[in-house]
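Notes to accompany the following structure.
The values are calculated or read from the model by the stated rules, or taken from the named source; none is laboratory data. Note that the structure is predicted; figures quoted are calculated from it, not measured. Here the Cβ is made from the backbone with ideal geometry for all residues, glycine too, and neighbour counts use every protein chain on show. In case anyone asks, the SASA skips ligands and DNA or RNA and just uses the protein heavy atoms, side chains included. Shrake-Rupley method; radii C 1.70, N 1.55, O 1.52, S 1.80 Å.
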Amino acid sequence: NNFHDIFRQQRPRNRDITIAAKIDIKDVFTGKNLIANYRLNSGRVETVTIDIPAGARDGDTIRFQGLGDDSFGGPRGNLFVKVKIMEAKNYAIDGTTLYQEISVNVVDMITGTVYNVTTLDDKNLSIRIPPGTKANTKFNIPGYGIPRLHEKEKRGNLIIIVSPHIPKVQDQNVLRKLKKLRKNLDN
């Protein structure tokens, strides 16, 4: 009986396998179904569909039970999927906060304007840019950020960062008018 217990403890266990899954920043809102191909120790290639939930973070590891190695008898190992969110121009994520940089004409920043923003999940927002808005001013919009994991409806904040766009003025007439106007402006 003793010998049998020792033998059972020494039987090799099927290994876990870790793979990486790259997802787009937009996929964080909806979740993503991916087809993953990976090689088992036996040399066999496994093809499975894996579900990355909405709200997954960069660096999260998701465990899929029984999709790992199957070289030995007994239960299969697990598959661990490490999430990598690809960077997107003008966007950054911190927890459930989404940062979006917008480029606003410097004249509009001086005079004030309404700026239309399309969010990553294709919603349209109108943001009032008040007169005299400075570069890197932040507008906080609650409920338009990143979904919480397993709670799609609960979302963090969207922070809009205003970046000034300086128009290239070729027309000498316009340049003269701007220079004249410049004399009337406070420093």
Subject >> Within the range 37-95, considering residues that are hydroxyl-bearing (S, T, Y) and within 23 Å of N14 (Cα to Cα), the one least open to solvent (accessible area, probe 1.4 Å) >> reply: Y38
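Take the range 129-153 and flag every residue that is in contact with a Ser or Thr (Cβ under 8 Å, 6 or more places away or on another chain) and open to solvent by 40 Å² or more (accessible area, probe 1.4 Å).
Listed by number, the residues that qualify are P131, A135, N136, Y144, R148.
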**OP:** Working carefully through the options N14, N41, find the one that is part of a loop (DSSP other than H, G, I, E, B), touching a Lys or Arg at 6+ places or on another chain (Cβ under 6 Å) and at pLDDT below 95.
**Re:** N14
**OP:** Among the numbered conditions (1) open to solvent by 70 Å² or more (accessible area, probe 1.4 Å); (2) at negative phi, tell me where D122 comes up short.
**Re:** (2)
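Restricting attention to the range 63-81, which residues are in a strand (DSSP E or B) and touching a residue at least 24 places away in the same chain (Cβ under 8 Å)?
Passing the criteria: L79, F80, V81.
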Subject >> Matching residues in the range 154-182 - criterion: being within 30 Å of I52 (Cβ to Cβ) and open to solvent by 100 Å² or more (accessible area, probe 1.4 Å) >> reply: K154
Subject >> Residue among I127, I141, I161 that alone is over 16 Å from D27 (Cα atoms), under 21 Å from the mean Cα position of the chain (by Cα) and in contact (Cβ under 8 Å) with a residue 24 or more places away in the chain >> reply: I161
Subject >> the range 22-36, residues that are outside any loop (DSSP other than H, G, I, E, B) and either open to solvent by less than 40 Å² (accessible area, probe 1.4 Å) or on the phi > 0 side of the Ramachandran plot (or both) >> reply: I23, D27, V28, F29, L34, A36
